[in-house]
Amino acid sequence: MPDLHFVATVNDRKVSRSAKPHQRLLDFLRDDLNLTGNKEGCGAGECGTCSVFVDGVLMKSCLMPVAKAQGTSIETIEALARTGELSLLQKAFHKAGASQCGYCIPGMVMAATAAIRANPFVGREEIKERLGGNICRCTGYQKIFDAVEMARDVQNGTLPATAFAEADAEQGDFIGKNVRRIDAPSKVSGALKYAGDMTMPGMLHVQVLRSPHAHARIVSIDTSAAEAMPGVEGVITSADVPGEDGFGVFVNDQPVMARGKVRYVGEAVAAVAAEDPLAAVRALEKIKVVYEELPAVFDPDEAMYDGAPVLHDYAPDNITMHVPIRVGDVEKGFAESDLLLEENYATQAVEHAYLEPEAGLAYLDHDGVVTVVSPSQNITHHRRLLARILAMPIAKVRFIMSPVGGGFGGKEDMIYQGMLALLAMKTRRPVRLVFTREESIVSTAKRHPSRTNLRMGLTRDGRIRALEMKMISDGGAYGLSTAGVMRKAAILAAGPYVIPHVKIDTFGVYTNNTPSGAFRSFGALQTEFATESMLDVAAERLGLDPFAIRRINAMRDGATTHTKQKLGSVSLLRALEAAEKASGWEAGAPVSRGDKRGDLGRDGNRPPVSLGARFETAEKQQAAE
Amino acid sequence: MLICDEYLTPASLDEAFAAMEKHRGHYRVVAGATDTLPWARQGRAGDVHIRALIDVAKIPELNEKKTGDRRVRFGAATPIQRFLDDPALGRAMPCMPRCAVWFADDQIRSLATIGGNIINASPAADGTPCLIAHEATVELAARRGGKTARRKMPLESFITGPNKTALEDGELLVAIECDALPGYGGSFEKVGHRRSLVISLVCLAALVKLDSTGRKIEDVRLAIAGIGPLPLRLAEVEKFLRGGPIGMERLERAAAMPVELVASRTRQEYRRDVVRGFMMRGLINAARRAGADAAALAPELEAAYA
Ligand SMILES: Cc1cc2nc3c(=O)[nH]c(=O)nc-3n(C[C@H](O)[C@H](O)[C@H](O)COP(=O)(O)OP(=O)(O)OC[C@H]3O[C@@H](n4cnc5c(N)ncnc54)[C@H](O)[C@@H]3O)c2cc1C
Ligand code: FES
Ligand code: FES
């Protein structure tokens, strides 16, 4: 493979060195020049974390073969604050609070820089369009747009530069005040190192072999050919796990790598550490796994039938968790009701899609302490689990939490840290694993899909007398956080409403789907979606305003919840009032008004999607000339 | 991952053909590489090993541009962004800048080429309907028996199916020639799941030329994609509209005509609604940009559709 001799100017410095012909510009910048400010969020042109300037034009460096950049002048995020002083835009991002997890921010700053360079008077609509190729999962974009406007105005002299310096909160007085994030400068400048940005001398690269089957017995795994390859320093399977091979949040039912059988497509089966990622990829191809396919089950209702395929021996009924709640007597409540409603609700799996795909680094330190650096949302728990898995005293296991490039619950599970620790111990070298976006989607937890049957009884004046709910959730192949999610789903199912008779059952069920796990709201979304939707149905049927029916039933200060928790203060009424005001609510029972809706075209409503703000700017400019 | 042993950047068509001959059966042509790199990933082609990648983006002939009175000719490696940045191209092809602004995002269209868009031949490709509305012909070249053999054919017949064209083995797309339509109003309507970085569910290119009163349609060009395996020129609708006034009732009748052409595999009903709406919006926008008499386009029509 003849390397190519690559000559370019990168951040004002001449670069002249060899590059691999298949490298993308992003690989060359990050791996060879160690310019890790720009990230790889997707590798497919979809996210914008990799945006760099090539001869002054912003490009997605994951879509650019390095050979295309031959002879060009390249600017990465590191170019913008090279003097040590942040650029106007970087200062504005800091001031406006536009960086949260920060993973998208280097790319955002680059795109914003391009927007202001293209049009120094760029308006908000045009800013949105010009930043259209960059995705952020944390901020909701508004603060990012605010920051671009602020930088534009300072640059144009319509806002004083002191705007950046203005103090936000008095020292020691933070509640209800705008507080600047102390980590923002490191994020807007690209200086912050996420796990995938870190390297160590002698570091090996890890790749994971994943199951192509949803349910199959592993007859044999032969790693000898992979181990014999030059550049391969270690191959592991479940046979390399010295201790109790199980992790999870509530039940430790998941082995570090599949043990005896695979339970979902994408489950880790073996892992390789090699001198470079390509050698590791090649080694995966050499691992021979013989599978014997087993009948699989993909529907949680079917998984609960007698005779359904069983995933885990300890749970012959495939039930991970059942949470029952009983208050009063629902049949009595229904008998006292004037209106009886019954509906079925369903929610789907959702991927967290944090912009930072999973990544981690592990090494043995000089005292033989195995150290795992990763964006884990639960390091103390992981440390305890890993000590048991490795059969090591806990003092010999260390977890370091690297900056989390977005988690939303999706990084609570110890999906890959065990493999890293085992490979670091086996090879006695630092090892690093960086997931691709596809790998992250296929192998990590999702929000629980659910099916809910809900019955509600109300009196004519809108009071809920009884609520009966049965929710069945697809927990996927392993337990992870399912037990906790089912508990929270049950606890919050009846909402913040006074209901004398309540019967709730939530079930988390094993299937051969991708495991479900923690995700913002942790189960509340699924059950409350049903309850809140039903309240709207009830309002319609009873001719009540949807806000009014909620006020009628609202818990107030001092209320006791359905699970007997005494609430000191309840802010529901205040929240309702604020929501009613902010939404421009038109009071009254829900009716379908079609194009007679009074709220169409109101200030602040969003017009239909369009693009082309830049043409209007051009037309205006032409008219002015 | 796309793995190659050699990445070649020929400086001329001759060099490109020489490389293609040398690596016959073991090469792949790339221009912007924006379709090729995402294709070689998990869930699609997976890891792909190709002996030689032949990058044609910098070949001068593939970057030429000539704008004449009647026809405009541009190289296959013209990046989509150039249709936004080059005023001469924009004037000659009034719906191309509108199409370009909807294409991928500001960054990708600096790499993505019009030739790659044609050869990839996605049924939802955004570039092709505009080109078809401009009566595009493609110019192809190959090395046959030591000589460069060239041929031309209409773009409409060059694209033969989803991801299929009449490109022959060893052939390169060199240039595209289109009708120059200065003075036409152009519009491009697109809908997908979001605004940027999105495959069209439906897209429509509309070009309208009005007579001097600004009330009568002298010429109109319409092409649509995303509703079936191939992009379609709407010749019958054009015939119906040509020579007539731009009135509400006429536009609505025209808008209903292509609704029955929807033959996509999914979401047919939704697409039918979109087609009707896009026809109205596209015609109104194009007419407005062609300098339509303000009184001719009823304001309520503009409010509803434009
Ligand atoms: C995130 C993202 C968003 C996108 N959004 C859009 C969109 O909104 N609308 C849209 O239509 N497309 C979109 N695309 C697809 C893609 O960008 C376009 O199809 C683009 O025009 C492809 O051109 P290219 O030069 O980059 O293709 P390449 O990948 O270089 O080539 C594509 C194909 O054409 C062949 N080829 C290229 N040039 C020639 C030539 N001169 N002669 C012979 N064969 C040739 C190649 O061999 C290959 O088979 C998007 C892609 C991505 C990654
Ligand atoms: S766009 Fe390049 S990594 Fe996502
Ligand atoms: S701050 Fe944008 S993805 Fe987290």
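Brief remarks follow.
- Looking only at region A:3-23, and only at residues there that are touching a residue at least 60 places away in the same chain (Cβ under 8 Å) and hydrophobic (A, V, I, L, M, F, W, C), the one that is farthest from the other protein chains (Cβ to nearest Cβ): A:10
- Residue tally, condition at the interface with chain B (Cβ under 7 Å from one of its Cβ atoms), within 16 Å of ligand 3 (Cβ to nearest atom) and out of contact with any Lys or Arg (no Cβ under 7 Å at 6 or more places or on another chain), over region A:24-59: 1
- Qualifying position, being closer than 21 Å to residue A:612 by Cβ and more than 16 Å from ligand 3 (Cβ to nearest atom), among A:114, A:163, A:81: A:114
- Taking first residues from region A:460-489 that are over 24 Å from residue A:251 (Cβ atoms) and partners that are part of a strand (DSSP E or B) and of a type in the set (D, E, K, R), the Cβ contacts under 7 Å between residues at least 6 apart in sequence or on separate chains come to A:468/A:455; A:468/A:503.
- From the options A:543, A:475, A:479, A:457, residue that is at positive phi and modelled with pLDDT of 95 or more: A:543
- Residue match in region A:150-159 (condition: within 14 Å of chain B (Cβ to nearest Cβ), buried (at least 19 other Cβ atoms within 10 Å of the Cβ) and outside any loop (DSSP other than H, G, I, E, B)): no
- Residue B:50 fulfils the conditions (1) closer than 25 Å to residue A:43 by Cβ; (2) surrounded by fewer than 19 Cβ atoms within 10 Å (Cβ to Cβ) except for a single criterion, (2).
- Restricting B:98, B:73, B:24 to those that are buried (at least 23 other Cβ atoms within 10 Å of the Cβ) and farther than 23 Å from residue A:51 by Cα reduces the list to B:98.
- Which listed residue, of B:151, B:194, B:215, is more than 17 Å from the chain's Cα centre (by Cα) and surrounded by 15 or more Cβ atoms within 10 Å (Cβ to Cβ): B:215
- The set of residues from region B:44-94 being touching a residue at least 60 places away in the same chain (Cβ under 8 Å) and aliphatic (A, V, I, L, M) comprises B:56, B:62, B:72, B:76, B:92, B:93.
- Residue B:73 satisfies every condition listed in (1) within 14 Å of chain A (Cβ to nearest Cβ); (2) at pLDDT 95 or above except (1).
- Failed item, numbered, when residue A:249 is tested on (1) at pLDDT 95 or above; (2) outside any helix (DSSP H, G or I); (3) over 17 Å from residue A:290 (Cβ atoms): (1)
- Pairs linking a residue in region B:167-193 that is more than 14 Å from chain A (Cβ to nearest Cβ) to a residue that is part of a strand (DSSP E or B) and acidic (Asp, Glu), with Cβ atoms under 8 Å and 6 or more positions apart or on different chains, are B:173/B:139; B:174/B:139; B:175/B:139; B:176/B:139; B:177/B:139; B:184/B:219.
Quick grid of which residues meet (1) in contact with a strand residue (DSSP E or B) (Cβ under 9 Å, 6 or more places away or on another chain); (2) under 17 Å from residue A:419 (Cβ atoms):
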site: A:201; (1), (2): no, no
site: A:212; (1), (2): yes, no
site: A:222; (1), (2): yes, no
site: A:232; (1), (2): yes, yes
site: A:237; (1), (2): yes, yes
site: A:250; (1), (2): yes, no
site: A:258; (1), (2): yes, yes
site: A:266; (1), (2): yes, yes
site: A:270; (1), (2): yes, yes
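Here's the yes/no breakdown for (1) touching a strand residue (DSSP E or B) at 6+ places or on another chain (Cβ under 9 Å); (2) within 12 Å of residue A:76 (Cα to Cα):
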| position | (1), (2) |
| --- | --- |
| A:26 | yes, yes |
| A:31 | no, no |
| A:54 | yes, yes |
| A:59 | yes, yes |
| A:63 | yes, no |
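- Region A:46-66 - residue that is over 20 Å from residue A:118 (Cβ atoms) and in contact with a Phe, Trp or Tyr (Cβ under 8 Å, 6 or more places away or on another chain) and, of those, farthest from ligand 1 (Cβ to nearest atom): A:66
- Of residues in region A:60-92 being in a helix (DSSP H, G or I) and in contact with a Cys (Cβ under 9 Å, 6 or more places away or on another chain), the one farthest from the other protein chains (Cβ to nearest Cβ): A:61
- Residues of region B:24-52 classified as at the interface with chain A (Cβ under 7 Å from one of its Cβ atoms) and closer than 20 Å to residue B:78 by Cβ, total: 3
- Flag for residue A:258 being within 14 Å of another protein chain (Cβ to nearest Cβ) and either small (Gly, Ala, Ser) or farther than 24 Å from residue A:219 by Cβ (or both): no
- Residue in region B:39-54 that is out of contact with any strand residue (DSSP E or B) (no Cβ under 7 Å at 6 or more places or on another chain) and at pLDDT 95 or above present: yes
- Selected residue (only one of A:72, A:76 is farther than 19 Å from residue A:152 by Cα, in contact (Cβ under 8 Å) with a residue 24 or more places away in the chain, within 15 Å of ligand 2 (Cβ to nearest atom) and of a type in the set (Ser, Thr, Tyr)): A:76
- Given (1) free of Cβ contacts under 8 Å to residues at least 12 places away in the same chain; (2) crowded, with 16+ Cβ neighbours inside 10 Å, number of the condition residue A:206 does not satisfy: (1)
- Filtered residue count, region A:516-557, keeping only those that are more than 19 Å from residue A:343 (Cβ to Cβ), in a helix (DSSP H, G or I) and not aliphatic (A, V, I, L, M): 2
The values are calculated or read from the model by the stated rules, or taken from the named source; none is laboratory data. Note that the coordinates shown come from a computational prediction; the quantities given were computed from them, not determined experimentally. Note that each Cβ is placed from the backbone with ideal geometry, even for glycine, and that neighbours are counted across all protein chains shown.
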